[in-house]
Amino acid sequence: MSSRFYRFYRNMAFFGIFVLMLIAALSVVSIIGRSLTSIGLSPVRGDFELVEIGSGIAVFCFMPWTHLRSAHAVVDLVWGTFPQAFKALLTVVFNVLMLAVWVLLVWRMGVQLMEHRESGETTFVLLMPLWWGYAAAIIPATLGLVAYLWKLFESLGIVQPPAEYAKAAQAEH
């Protein structure tokens, strides 16, 4: 079960890479169009709006995988001096806090999605309803909740990471 679970979130991160590649290509095309206006080309209309939405989607696709792999940036200055039991306790506390922050984030995104939907507010250039961006980003963000909860369960010993990730989990900060 945990192998499929990890594979799902890895694939979600790959989807985030695909989204980043699309917005990078969009940016390149837009920059070329902007620099060649003298020959009749122009930038992509609404490029910055699409880049903003795409970036949000990509981040919410990456973060759950990053958390499952314990790949967040850490400072190891004193970590190695702590006893194993204290490290385990800090890991649980960290995972509880990360889950709480993620729940808060998804909740506030949901509130904003509903408010923008009700107000009918649109983007400036494309006149795209603002709530569309929130709706697209809240899907991977909500799926991320499960990954953050899973990681908490791993730190409590309720579930185990797949064998191919067990070594990384043991070397966890």
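The values are calculated or read from the model by the stated rules, or taken from the named source; none is laboratory data. Here the structure is a predicted model, which is why all the values come from computation and not from measurement. Cβ sites come from the backbone with ideal geometry, for glycine too, and all protein chains shown count toward neighbours. Ligands, DNA and RNA are stripped out before the accessible areas are found, and what is left, the full protein with its side chains, is counted by its heavy atoms. Shrake-Rupley method; radii C 1.70, N 1.55, O 1.52, S 1.80 Å.
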Practice problem: Look through the stretch 70-92, keep the residues that are part of a loop (DSSP other than H, G, I, E, B) and out of contact with any helix residue (DSSP H, G or I) (no Cβ under 9 Å at 6 or more places or on another chain), and return whichever of them is nearest to G157 (Cα to Cα). | Solution: P83
Practice problem: Hey, could you check the stretch 81-127 for residues that are surrounded by 11 or more Cβ atoms within 10 Å (Cβ to Cβ) and polar (S, T, N, Q) and say which is nearest to the chain's Cα centre (by Cα)? | Solution: N95
Quiz item: If you scan the stretch 155-173, which residues turn out to be under 22 Å from C61 (Cβ atoms) and modelled with pLDDT of 95 or more?
Solution: none
Quiz item: Residues of the stretch 27-53 being open to solvent by less than 60 Å² (accessible area, probe 1.4 Å), closer than 12 Å to L126 by Cβ and not in a helix (DSSP H, G or I), which ones?
Solution: V44, G46
Quiz prompt | Flag if Y134 is among the aromatic types (F, W, Y), under 30 Å from G33 (Cα atoms) and either part of a helix (DSSP H, G or I) or free of Cβ contacts under 8 Å to residues at least 60 places away in the same chain (or both) | solution = yes
